[in-house]
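What follows is a single structure, written as structure tokens, with notes after it.
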Amino acid sequence: MRRARHLPVTVLAAAIALASHAQAQTEITVATVNNNDMVIMQSLTDAFEKAHPDITLDWVVLEENVLRQRMTTDIATGGGQFDVMTIGAYEAPIWAEREWLEPLDDLPDEYAVDDLLTSVRDGLSLEGTPYALPFYAESSMMYYRKDLFEEAGIEMSEQPTWNEVRDWAEQLHGAQEGVAGICLRGKPGWGENMAFVTTLVNTYGGRWFDEQWNPELTSEPWMEAIEFYVDLLGNYGPPGASSNGFNENLALFARGNCAMWVDATSAAGTLYDGSESSVADSLGFAPAPVAKTPKGSHWLWTWALAIPASSEHKDAAKQFITWATSQEYIELVGETQGWTNVPPGTRESTYANEQYTQAAPFADFVLSAIQNADPTDSTLEPNPYTGVQIVNIPEFQAIGTQVGQSIAAALTGDTTVEQALTSAQRATERTMQRAGYND
Amino acid sequence: MTTRHINAAPPALRSQQARQLLLTLVGWAVALTIFFPILWMVLTGFKTETAAIADPSFIFSPTLESYQAVNARSGYARFALNSVAVAFGSTFLALLIAIPCAYAMAFLPTRRTKGTLLWMLSTKMLPPVGVLVPIYLIFRDVGLLDTRTGLILIYTLMNLPIVVWMLYTFFKDMPRDILEAGRMDGASTFQEVFYLLLPLTMPGIASTGLLSVILSWNEAFWSLNLTTSKAAPLTAYIASFSSPEGLFWAKLSAASTMAIAPILVLGWMTQKQMVRGLTFGAVK
């Protein structure tokens, strides 16, 4: 009877204890993109929660474009739905300027902020203050089939030029059944064909805007570069090249349908993995080709983690992003998921780690490509913007996609290169005038 | 006479049989063409990522690795439960509002009924993204972001014009005399609707409800924009397996198969009612 009398009190005490425990738990919502590195991060949730028992993680994984739209809506309206956002080098300075992101200037010493690669860290900062921490970074390079090159007696140059690439593509196109001389991005979009096309224009000596923000899409370097691109991809590319983006080309190259491919360094891990790629044994790589200048010939892109100003759990969010971008995390991935799966391009210490450099023969190469890409000086003539394959202004998404569509139309033969660039120039002029950059 | 009959019948029968055969063949061809993408998706779900990007082939060694990977990554059950709650909840609410509305429009029309109906339908012509920011702000202020209630509300509003239109058409086809007879016997409006109108137009109501469930189940724009994790339905689940960077075709196909499976089974089970409802009143 005595025990029964005490029962309600015990139950109440237990309930209060449970409730207070539940209150102590902070749940943070992490929005991220669906790619290999992020999927690994999600799979290591337990490791983080074990080390931080007062924080639980809730994941929202979406396709890149959907995620970008979703996050922009939330951050612009102060919705506060996310505590951590995965953003690119394009958004970081723009959102920071609008005070949408939490400044990250008081990082703990053990985070070793100086270990972050300078070009990557600078790309995520505004006036010296970091607003996002790099999760992984990539540049672009050339992949090629060593077996086809050997059969044809071609020797890869230390620094290939685009003219050489054209000759090789001509020679290797159809060398084996179903093999295209070269695969390049053709699918329209600011993050698709325009990422590649901009590096091509850069190396041909062109730029998006002059110092007064006047578009230069009908300038000689643009004309020359796009004529070259249309000729190269149109004659020696795979069928339907205008609908190929990164994924489609990755699939084509992995199946052995391309002799050469110029694209993101992040594809190296997949292409070296024999279970996913049929060309793993014959894979060769070289720097992205150059034409008139090496400036801006290869891009720099970073996926980073940031805390929106509207988050209600900023401290917990900061604990998570400093963990996910730390040296400790990189080692955890290396040990549990294999060293080729380590998120590359963010820390000097990653490239000092012998286990990584042995497992990833392309490591030093990628490091030098990332270090050499300078978003503040990416064109032969001076320009008013930052970014190698992007222009860090809010209007660029729309402009890039529109110009990308015009260039894709030239690639399919619907318009001439001159018509495509003239219409792209007009559209860009209109957008820039409306946005108040010039009269 | 008899001989003529015997001679005349077989060619007519033959031509009828040939027509029927041709129609059957055309029917099968159309059905298979429509079904092919779904079949291909289901098959791809049982391939490895390498086989999924290889040259298209029906011959492969099936594997469950994509299903295992998909299940290891995210809780399917939570998303499926949200889809069920939101699709059926919004359909129930839409029918609850639309039945009295369609009754009034069909049996007590005014000069403005036709105009009102057209105006209701015209709201479907507005691209949803045009009202995204205002709706997002309202939802934020009233705390409906990432809630099932919020999604049920938005889906109800989204489907209401179609539900009202369909019910209006079914109700209009119903002979008024039956309702008048009921009224003569002293039935109230409620009784008239509940005991006469609803039982007699049940096939139409069922097919309207099913259509509304399917539309809500497949809706992706609002579900992706107004939910994060707690109320996210299966459309958000599929979206998490699509990527412009990386090979995810087999996993995406496996996730999509799991997402459409419940609604496919529901459609299969209710296809008779669906067809009956959609052709209700078509032949008089």
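Against chain A, whose longest principal axis comes from its Cα atoms, helix A:193-203 is set at around 60 degrees. Separation of the stretch B:19-43 and the stretch A:48-95 by C-alpha centroid, Å? Result: 43 Å between the Cα centres. Tally up the carbon and sulfur contribution to the accessible surface of the protein assembly as shown as a whole percent, 1.4 Å probe, everything protein left in place. About 58 percent, which is the carbon plus sulfur part of the accessible surface. With 50 Å² as the minimum drop in accessible area between chain alone and full protein complex (1.4 Å probe), the qualifying residues in the stretch A:56-94 are A:GLU63, A:GLN69, A:ARG70, A:THR73, A:THR77, A:GLN81. B:THR227 sits among other residues whose Cβ lies under 10 Å from its own Cβ, and their net charge, with Lys and Arg +1 and Asp and Glu -1, is +2. Each label was represented as a point 7 Å from its Cα along the Cα-to-Cβ direction; for A:ALA280 and A:GLU170 these points are 3.7 nm apart. Modelled spin-label separation between A:THR416 and B:ILE214, with each label point placed 7 Å from Cα along the Cα-to-Cβ direction: 5.0 nm. Give me the net charge of B:LEU64's neighbourhood, meaning all other residues with Cβ under 15 Å from the Cβ of B:LEU64; Lys, Arg count +1, Asp, Glu -1. Around B:LEU64, the surrounding residues sum to +1.
For A:ILE55, the amide hydrogen comes within under 5 Å of the amide hydrogens of A:THR26, counting only partners 5 or more places away or on other chains and with H modelled in the peptide plane. For the options A:LEU124, A:LEU107, A:LEU116, a Gaussian network treatment of chain A with springs between C-alpha atoms closer than 10 Å singles out A:LEU107 as fluctuating the most.
Seen against the Cα atoms of chain A and their longest principal axis, helix A:417-434 is set at about 40 degrees.
Among B:ALA239, B:ALA98, B:ALA255, the residue with the largest mean-square fluctuation in a Gaussian network model of chain B, with springs joining Cα atoms closer than 10 Å, is B:ALA239. Measuring how big the stretch B:176-279 is from its alpha-carbon positions, Rg and Dmax come out at 20.8, 70 Å. Span-like helix criteria (full DSSP H runs; alpha carbon extent of at least 18 Å along the helix axis; mean Kyte-Doolittle hydropathy of at least 0.0) are satisfied in chain B by B:2-45, B:76-107, B:148-172, B:202-218, B:249-269.
Using a Gaussian network model on chain B with a 10 Å cutoff between Cα atoms, which of B:VAL193, B:VAL86, B:VAL42 fluctuates the most? Between B:VAL193, B:VAL86, B:VAL42, it is B:VAL193 that shows the largest mean-square fluctuation. Rounded to the nearest 10 square angstrom, A:MET223 shows an accessible area of 40 square angstrom against a 1.4 Å probe.
Can you bin the stretch B:69-278 into rounded, prolate or oblate? Criterion: square roots of the alpha carbon gyration tensor eigenvalues sorted a ≥ b ≥ c, rounded for a/c under 1.5, prolate for a/b above b/c, oblate for the rest. Prolate, since a/c reaches 1.5 and a/b exceeds b/c.
Along the stretch A:52-64 the Karplus relation, 6.51 cos²θ - 1.76 cosθ + 1.60 evaluated at θ = phi - 60°, assigns HN-Hα couplings of 10, x, 8, 10, 10, 10, 10, 9, 10, 10, 9, 5, 3 Hz to successive residues, with x for each Gly and Pro.
Of all alpha-carbon pairs in the stretch A:301-390, indicate the percentage at a distance above 15 angstrom. Here the long-distance tail beyond 15 Å is 68 percent of all Cα pairs in the stretch A:301-390. The overall shape of the stretch A:270-342, judged from the alpha-carbon gyration tensor, is oblate: a/c is not under 1.5, and a/b is no greater than b/c. DSSP assigns beta bridges within the protein assembly as shown; of those with both partners inside it, close to 65 percent run antiparallel. Translational diffusion coefficient, Stokes-Einstein: compute it for the stretch A:82-210 using the Kirkwood radius over C-alpha pairs as Rh, at 37 °C and 0.692 mPa s, and state it as an integer in µm² s⁻¹. For these conditions, the coefficient is 178 µm²/s.
Across chain A, Cα-Cα pairs farther apart than 41 Å form 21% of the total. The spacing between the stretch B:172-191 and the stretch A:146-185, judged by their C-alpha centroids, is 81 Å.
Projected label points at A:GLU335 and A:ALA398, each 7 Å from Cα along the beta carbon direction, are separated by 5.1 nanometres.
Near A:MET156, within a Cβ-to-Cβ distance under 12 Å, what is the net charge of the other residues, with Lys and Arg +1 and Asp and Glu -1? Spell out each step's value before the answer.
Values: positive: A:ARG145, A:LYS146; negative: A:GLU150, A:GLU155, A:GLU158, A:GLU164.
Its environment carries a net charge of -2.
Along the axis of the charge dipole computed for the stretch B:69-278 (Cβ charges of +1 for Lys and Arg, -1 for Asp and Glu, origin at the Cα centre), the listed residues B:LEU198, B:SER253, B:ALA220 are led at the positive end by B:SER253.
Roughly how many Å is it from the Cα centre of the stretch B:209-253 to that of the stretch A:219-259, as a whole number? That distance is 32 Å. By the Cβ distance rule (another cysteine Cβ under 4.7 Å), the unpaired cysteines of the protein assembly as shown are B:CYS101. Quote the FRET efficiency, to the nearest 0.05, computed for B:LEU126 versus B:VAL275 with a Förster distance R0 of 30 Å and r equal to the Cβ-Cβ distance. Between B:LEU126 and B:VAL275 the formula returns 0.45. The loop-placed GluC sites (Glu not before Pro) in the stretch A:115-214, going by DSSP, that have at most 14 neighbouring Cβ atoms within 10 Å of their Cβ come out as A:GLU127, A:GLU155, A:GLU158, A:GLU177, A:GLU211.
On a per residue basis, the protein assembly as shown carries 47 Å² of accessible surface, using protein heavy atoms and a 1.4 Å probe.
Using a 1.4 Å probe over protein heavy atoms, the accessible area lost on pairing A with B, summed over both chains, comes to approximately 2900 Å². Residue by residue, the stretch A:110-121 carries 3J(HN,Hα) couplings of 5, 6, 6, 5, 6, 6, 5, 5, 4, 4, 6, 5 Hz when phi is fed to the Karplus relation 6.51 cos²θ - 1.76 cosθ + 1.60 (θ = phi - 60°); x denotes Gly or Pro. Angle between the Cα long axis of helix A:162-172 and the longest principal axis of chain A, 0 to 90 degrees, nearest 10? Helix A:162-172 sits at roughly 80 degrees to that axis. Summing Cβ point charges (Lys, Arg +1; Asp, Glu -1) relative to the Cα centre of chain A gives a dipole of roughly 1440 debye.
The values are calculated or read from the model by the stated rules, or taken from the named source; none is laboratory data. Note that the structure is predicted; figures quoted are calculated from it, not measured. No Cβ is skipped: glycine too gets one built from the backbone with ideal geometry, and neighbour counts run over all protein chains shown. Only protein heavy atoms, including side chains, enter the accessible area calculation; ligands, DNA and RNA are left aside. Shrake-Rupley method; radii C 1.70, N 1.55, O 1.52, S 1.80 Å.
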